[in-house]
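These notes concern the structure reproduced below.
Every number in this text was worked out from the coordinates using simple rules, so none of it is lab data. On a predicted model such as this, the values are computed, not experimentally measured, just so you know. Note: ideal-geometry Cβ built from the backbone for every residue, glycine included; neighbour counts use all protein chains shown.
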Ligand code: C2E
Ligand code: MG
Ligand code: MG
Ligand code: MG
């Protein structure tokens, strides 16, 4: 009996693995064509000042609309794009498109400080990254101070000195740098204090249970105080309730993103939000 269930478990496991790798393979193949077939689009999520609830910026979030697979989540296809190296070309498209959209909004005098773009650790290690960023800004005729680049702690873990050099190059070119999903990675505070970061983004996992979990409250409070001491601002991710907002305000958090304010929306819808909310 034990043997039998063991074999069943084994074949179940193998079938599961095969199904998963078949999906990964299908995604990888489809991803190769996605850029040329124009299947990507950017959605934008407002970043708001917690005090005024005014929109101050937007985070560009990549969406892939595949004719058969439907909307594929970035959580699923970004790792595939990273493993195949395609993230470099896709990331360039994201940056070029976000820079163009930002320029379009600023030209209409819409009150927008920054557009934020996520950078994968793979892109971050790519030697041409600073030049690619400069090229995209130049093409869009966008001033670098309107661009914010979101890194994750993973970008700096392997080789903090190399990461520092790249950050300095991006910083010298005028782009703003922020640390995404802060608190979930393994960056050392010793390294963190050397990095030219303007902002820490408090990961949504800490924000989620803030009304019931005292440890999460303590962590958020500590992150905000540390950021203040290091002259950085803070943005809370995943703000969904008024209760969370009240706690974040009380702790001195500067900005927030989340469903309480708005979900990520297509570029045109974001433009409409910007017009309506900041009128
Ligand atoms: P992220 O950069 O931390 O982005 C925040 C994620 O939280 C987004 O998921 C957003 O839709 C979601 N979110 C925002 N507000 C709320 C909320 O109130 N509640 C909850 N539960 N979720 C909220 P999304 O768009 O699925 O993106 C997932 C991740 O994929 C991003 O996490 C980022 O790491 C990555 N990603 C997205 N676009 C790009 C891109 O252009 N390049 C790279 N390298 N990564 C990207
Ligand atoms: Mg992000
Ligand atoms: Mg995040
Ligand atoms: Mg995240």
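Compactness of the chain was expressed as the Cα radius of gyration divided by 2.2 N^0.38 Å, which yields 1.09.
Principal axis extents of the Cα atoms in the range 158-226, from largest to smallest and rounded to whole angstrom, are 42, 23, 18.
How would the range 32-72 be classified by its alpha-carbon gyration tensor: rounded, prolate or oblate, with rounded meaning a/c under 1.5 and the a/b versus b/c comparison settling the rest? Since a/c reaches 1.5 and a/b is larger than b/c, the shape of the range 32-72 is classed as prolate. Based on C-alpha pairs under 8 angstrom that are at least 6 apart in sequence, the chain has a relative contact order of 18 percent. If you model the range 13-90 as an ellipsoid using its alpha carbon gyration tensor, with each semi-axis the square root of five times an eigenvalue, the axes come out at 31, 15, 11 Å, biggest first.
Of the beta bridges DSSP finds with both residues in the range 43-169, what % are antiparallel, to the nearest 5?
If we restrict to bridges inside the range 43-169, about 55 percent are antiparallel.
Which residues in the range 154-171 place their backbone N less than 14 Å from a point set 7 Å from the Cα of residue 231 along the Cα-to-Cβ direction? Counting backbone N atoms under 14 Å from the label point, the list is empty.
Net length available on complete extension from residue 165 to residue 221 is 17.2 nm, with 0.36 nm assigned per residue and the Cα-Cα distance removed. At a temperature of 4 °C and a viscosity of 1.567 mPa s, determine how fast the range 93-160 diffuses translationally according to Stokes-Einstein, using the Kirkwood radius over alpha-carbon pairs as Rh; express D in µm²/s, rounded to the nearest whole number. In µm²/s, the coefficient rounds to 102. With Cα atoms as the point set, the range 42-189 shows a radius of gyration and Dmax of 15.4, 45 Å.
With each label modelled as a point 7 angstrom along the Cα→C-beta vector, the residue 145-residue 69 pair spans 4.1 nm.
Backbone N atoms of the range 199-236 closer than 11 Å to the 7 Å Cα→Cβ label point of residue 260 belong to residues 207-208, 210-211, 236. Compactness of the range 196-279 was expressed as the Cα radius of gyration divided by 2.2 N^0.38 Å, which yields 1.17.
The ranking of 250, 271 from fewest to most other beta carbons within 10 Å of each one's beta carbon is 250, 271.
The alpha carbons of the range 125-171 stretch over 34, 18, 14 Å along the principal axes, in descending order.
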